[in-house]
Amino acid sequence: MKPVNKARPAHSAWPQAMHKTTPTAQPPARSLGLQKLMACLSFSVAAAAVFSATATSASAQAAAAAAPSSEPKVLRYAFRVAETGFDPAQISDTYSKTVAAGIFDAPLKYEYLSKTPKLQPNTLVALPEISADFKTLTFEVKPGIYFNDDEAFKGKKRELTAADYIYSIKRHYDPLWKSPNLYLLENVKILGLSELRQKLMKAKKPFDYDQPVEGLQELSRYKFQIKLGVGDPRFVYQFADHAFLGAVAREVVELYGDKIMEHPVGTNAWRLAEWRRSSRIVLEKNPNFREEYYREQAPADKPELAAQVKALQGKRVPMIDRVEIAIIEEAQPRWLSFLGNEAEVLPEVPFEFAGIAFPGDKLAPNLAKRGIQMTRFIYPEIAFSYFNMEDPIVGGYTPEKIALRRAISLGMEVDKQIRLARRGQGIPVQGPTIPGVFGYDPSFKSEMSEYNLPKAKALLDLYGYTDKNGDGWRDMPDGSPLRIEYATQPNSDSRQLAELWNKGMDALKIKMVFKTAKWPENLKSANAGKLQMWGVSWVASTPDNDTFMALADGGAIGKANKARFNLAAYNAIYQKQKALPDGPERLAAMREAQRLMIAYMPYKMDIHRIFTDFSQPWVKGYERNVFVRTFWNYVDIDAEAQKPFLN
């Protein structure tokens, strides 16, 4: 899950907890250091834009030219939110999943530069065989793929086999790991697995990985089959999510136990070389990674990218040697670090700099002169605030509870949020669907995006939410205090959103207070049902709106369903649309589900954010595919073009 809000500057201190592997040859010190960041912060943003465009000194250029040609190619960039760990069975946040996707291998992958999502075999000899009723999927693993070396393998090379994928799927059913993604598997009812889970939980026994089940069968060393109780035409997309269904070796899990979040070992291109929790993540090439070569084709409408892609053809991937990720949660130091050439890529340029970075959605002339590259896209997400449906104040299904949620939602001015907090980089959300995906109707308008204070006040008055004690604030119908607690984070973006909520609620005379915590802490509390309201966003990992329909599915409570909404009518229509192929019947079911979600308002859905990525002139082949997390596999660094900027 990708958060709407971010948190504090990263490098004030190194935390005590640290993961580090065997030392390797290090590149010159060019990391996002504390002193440099603090120095950058002393400048204004405008001054930063000026200094970034000035020429480097002749002595600096000479020093760069003297650097050895064998210097490792390092790609540096920053996360705006801290990671939680790297175990596919335990993670759901975007940042942890981004790292895990570089370490673990799912059976399938998406074509990186394709404009429409296109599946390709990843560790398979071919795309899986799928039965006509979508209930049987057969996969054949390519021989000769090996895990990164680890002491769990006792000095032997460890080959990827069908058994590894079977084991990795079963881990999501093991209550020990509390998988936040289990609902994605239980929705399709893999035959026998949920029954085995329930049986062992009832008997208070540990999960039995060796117990055969009908729905997961190892046909040979390299071939396995999955049988479903519910045919889902789109379930196959889940097997392109490396951070969900990537292969994990049983020996590694059994060796590290509850420390497995700190010890990811996979077959993909990268290994975790260093981890300073909530501060720094370093990935280096997996020396056992198979031979793969760049074969991407550039979109026809991007001639500059096409020239770069042509030059990369036939190169072995990954082309870079090292990825360094800093956690920089505040927008200004993240922006300044890029301007100061301390990062190769700036994903999602902070909205507050839109006016100087890309005025009128065009790259600023001073940045264009530097050779900065820009790519823009609508992210496959919905930013929202949810109401905890189990909370005694904002939860419940009776008319007065629905009226309260609707009134609160009508008090948030989405257009102002887009205009001010998002600097115009977004479009209003009308329901649980995203642009460019089946089910989205650009002409549809709903109360989800409506701002209407008179209507909100009328609803509150009608259902008894009036000031009963004369203190100027509305009370509950029974006279008890009406007090809304909204969870947030300690950073500038969060503060701007909190101000908008506060103004809206003040206008309605609803007392709203803000509880501040780090984003990972809020995520943990949200999953446990301990927050009354929280603003986050939900990101699709597959090109289908089922991702957002699942936000209200009763079977996903504590996972996707942060609101803990549980309505029998909705659950039934959700399951119906899931089993249908794209077409009129599924569209009708999706619209009915959307109607129920808007009517009961467990979520105030705000915006689809439009993001802009920047990359430095020496980065070649960069483009944003919203379903491919590890762009590092597909880019190169032009060392000669980089030299003048090193200092």
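The eigenvalues of the Cα gyration tensor, multiplied by 5 and square-rooted, give the chain an equivalent ellipsoid with semi-axes of 39, 34, 22 Å from largest to smallest.
Each semi-axis of the equivalent ellipsoid for the stretch 191-268 is √(5λ) with λ an eigenvalue of the Cα gyration tensor; in descending order they amount to 22, 20, 13 Å.
Only helices enter this figure: runs of n ≥ 4 DSSP H residues, each worth -39500 (n - 2.57), summed and divided by the residues of the chain, yield -8000 deg cm²/dmol at 222 nm to the nearest 500. The charge dipole of the stretch 212-257, taken about the Cα centre with unit charges on the Cβ atoms of Lys, Arg (+1) and Asp, Glu (-1), comes to about 160 debye, rounded to the nearest 20. Taking every protein chain into account, the 1.4 Å probe leaves K457 with about 80 Å² of accessible area, to the nearest ten. Using the Cβ of V394 as centre and a radius below 9 Å, the other residues enclosed give a net charge of +1, where K and R count +1 and D and E count -1. Distances between every pair of Cα atoms in the stretch 309-454, grouped in 10 Å steps from 0 to the bin holding the largest one, split as 8, 25, 28, 22, 11, 4, 0 percent. Computed over the stretch 384-431, the P(r) tail beyond 16 angstrom holds 49 percent of alpha carbon pairs. Quick note on the stretch 127-229: its Rg to Rh ratio, both from C-alpha atoms and Rh being the Kirkwood radius, is 1.00. Under Stokes-Einstein, with the Kirkwood radius over Cα pairs as Rh, the value for the stretch 530-620 at 4 °C and 1.567 mPa s is 87 µm²/s. With the gyration tensor restricted to C-alpha atoms of the stretch 408-553, the semi-axes of the equivalent ellipsoid amount to 28, 20, 16 Å, longest first.
Taking Cα centre as origin and charging only the Cβ of basic (Lys, Arg, +1) and acidic (Asp, Glu, -1) residues, the dipole magnitude of the stretch 432-539 rounds to 220 debye. Note on the stretch 381-489: the alpha carbon radius of gyration divided by the globular reference 2.2 N^0.38 Å gives 1.21. A dipole drawn for the chain from +1 and -1 charges on Cβ atoms has a positive end, and of S96, W538, G470 the residue lying farthest that way is G470. Considering only the Cα atoms of the stretch 524-581, their convex hull presents on average a projected area of 4.3 nm². Ligands, DNA and RNA are left out, and with a 1.4 angstrom probe the accessible area of the chain is 39 Å² per residue.
The values are calculated or read from the model by the stated rules, or taken from the named source; none is laboratory data. It should be emphasised that the depicted structure is a prediction, and the values quoted were computed from it without experimental measurement. Neighbour counts run over all protein chains shown; Cβ positions are idealised from the backbone, glycine included. Each accessible area value is taken on the protein alone, full model and side chains, heavy atoms only, with ligands, DNA and RNA left out. Shrake-Rupley method; radii C 1.70, N 1.55, O 1.52, S 1.80 Å.
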